[in-house]
Amino acid sequence: MTYALSRVLGWAAVAAIIIGALVLRVPRLDQRPMHGDEANQAVRTGLLLDQGYYHYDPADHHGPTLYFAAWPFCRASADTFAETTEWNFRLVPVTFSLLTLLLMLGLGSCANGHGLFVNRVGLYSAALLTVVSPAMVYYNRFFIQESMLITFLTGMLLCAVRYASALSVPKPETRNPKPETRNPKPETRNQKPETLVWAAAFGAFAGLAAATKETVVLSFAAAAVAMVAACGFGGLWRAWRTRDALVAVGVAAFVAVLLYSSFFTYPRGVYDALFSTYQTYHTRATAVPEHQHPWNFYLKIIFWFKYGRGPVWSEAGLLLPAALAILLSILPFRRHSAASKETRGRQRWVRFLAVYTLALTALYSAIPYKTPWCALSFLHGFILLAGVGIGVCWKAFSRTDGQRTGPLPAAVHLCGKLAILFGVAVLVRHHVMQAHRACFKMPADPRNPYVYAHTGTDAMNLVAEIERAAKQAEGTDTLIALAVPTPDTWPLPWYLRKYRNVGYWNRVEDIPAELQPTIVVAAADQGDVADERFGRGKRASFFGIRPGVLLNLFVPEK
């Protein structure tokens, strides 16, 4: 195969992967009701749109990156928050999922054996499995932080791989080299401009990740453990470059401070990010019973899930090639082998990814507080490992040395490659069917493992009834009162964004006596009190906003 043909096929594969990602992620983005968390994030973005500023709040919110990233998507078609649609917000995670794929394409083979994948087959397989992963597809259509977090973590991995590759390339010789000094300082050896660039880029991605979601500290901790496991303390010390480390840390701190301070207009945000979030997340991880689950919660959702008579959901097909990659990563280095110089760097990166993925899985599983979208961080690690395993299998059946002759070896190699292609095709088809089912057939069905505390379809009936009653009253100026505890209010603030006179209280008794709202929404246990105070001349009905949460609606009689 000529070099030109190889490049054409490579670009065709990349184009097919991107098109496949768009086909699964873009259609019918407004079909699924807004999840409460999505609505919460959208309302925060709405404050930025309408008021022109944003202040970081560690209570029940995450880092500011998502809101700033959503601003141009909203401004592209809306002047105010009331004019935005689900498309404005859900296109944000879709876009970042595509950026993740582009970053992954840089994780291939680098100079001196560095890089994660042994060949393009492994690289494209990992990208394709990321495209069709049902969990990835479902949450890439969710306006929450996880898709962005995966993008920035992938960027950190790419920069680390490229940095190590640039560091290992020997400097070009000069005509009159100066005599070497004995015992040169670590920071003076192999100083190259490209290492500084990759260190700065690594810091930028790390700062963006830190400003996206506070749980990134788990990924940082797992990465630290994995780096020690891959290189050892001695190897890390020998590779240490003080200048580059200071640049990476400095850039990361600058980016994080820039975002948490709302571009240096709200210094309190930096203080809250450093000192206020710990207590918030410690309380959430240990004292929120409705989100506490057993240690195997994530593993069941990702690798084997079945609810009642519903279908089986599973991405367990990733485990076999991933296990192969993990096994190869723990084999001892063949230091005296002729091929050791080309493979040792790659093996270290595979070992790093294996330890990182397993450590991160253990960390998330050990924390009682669990929400299913958090699994994406380590699921992507398993997908990358599966791509590594597929690439290794393909290499085993590749005849590159020209020494094997006879029909039997060639037939065995051909059959092996066909078996790999068939296995990947079956796995991709299986995941595509699950992704289509999750996003388009059962987007809010509790039999879908990715549906968690989700807004039910009956909530849309509640919204439709409010809109009908408001249209018959004063339109967008209709006075609407909600007496619902804050967690159970969502996602109604999103669906009521067009109404200018909406008030929120936790109890009916908290509504000011002088107010006579046209429409009243009350929690189920507040129904009698609401009926006694506001029920005259109104029709009452019940609606389920999500599993286990009922609301009373009082609207004028027709």
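The values are calculated or read from the model by the stated rules, or taken from the named source; none is laboratory data. Since we're looking at a predicted model, the values are computed, not measured. Neighbour counts run over all protein chains shown; Cβ positions are idealised from the backbone, glycine included.
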- Message: I need the full set of residues from the stretch 505-523 which are surrounded by 15 or more Cβ atoms within 10 Å (Cβ to Cβ) and either under 36 Å from the mean Cα position of the chain (by Cα) or more than 17 Å from A469 (Cβ to Cβ) (or both), in order please.
- Response: W505, N506, R507, V508, I511, V521, A522, A523
- Message: On the basis of being touching a Pro at 6+ places or on another chain (Cβ under 6 Å) and either assigned by TED's automatic domain parsing to the domain that holds G527 or without any contact (Cβ under 8 Å) to a residue 24 or more places away in the chain (or both), does A481 make the cut?
- Response: yes
- Scan the stretch 152-167 and give yes if some residue there is of a type in the set (F, W, Y), part of a helix (DSSP H, G or I) and modelled with pLDDT under 95, otherwise no. yes
- Query: Pick from the stretch 459-504 the residues that are aromatic (F, W, Y) and within 28 Å of the chain's Cα centre (by Cα): which of them is modelled with the lowest pLDDT?
  - Reply: W490
- Given the structure, is V502 surrounded by 14 or more Cβ atoms within 10 Å (Cβ to Cβ), over 20 Å from A530 (Cα atoms) and touching a Leu at 6+ places or on another chain (Cβ under 8 Å)? no
- Item | Residue that is closer than 23 Å to A273 by Cα, in contact (Cβ under 8 Å) with a residue 24 or more places away in the chain and assigned to a loop (DSSP other than H, G, I, E, B), where the choices are Y67, Y56 | Y56
- Task: Would you mind telling me which numbered condition in (1) within 30 Å of A160 (Cβ to Cβ); (2) assigned to a helix (DSSP H, G or I); (3) within 19 Å of the chain's Cα centre (by Cα) H61 fails?
- Result: (2)
- Where in the stretch 486-534 are there helices (runs of 4 or more DSSP H), lying fully within it, with 1 or more residues that are touching a Cys at 6+ places or on another chain (Cβ under 7 Å) and not polar (S, T, N, Q)? none
- Message: Just to be sure before I move on: is P449 over 26 Å from F542 (Cβ atoms), touching a residue at least 24 places away in the same chain (Cβ under 8 Å) and in a loop (DSSP other than H, G, I, E, B) in the structure I sent?
- Response: yes
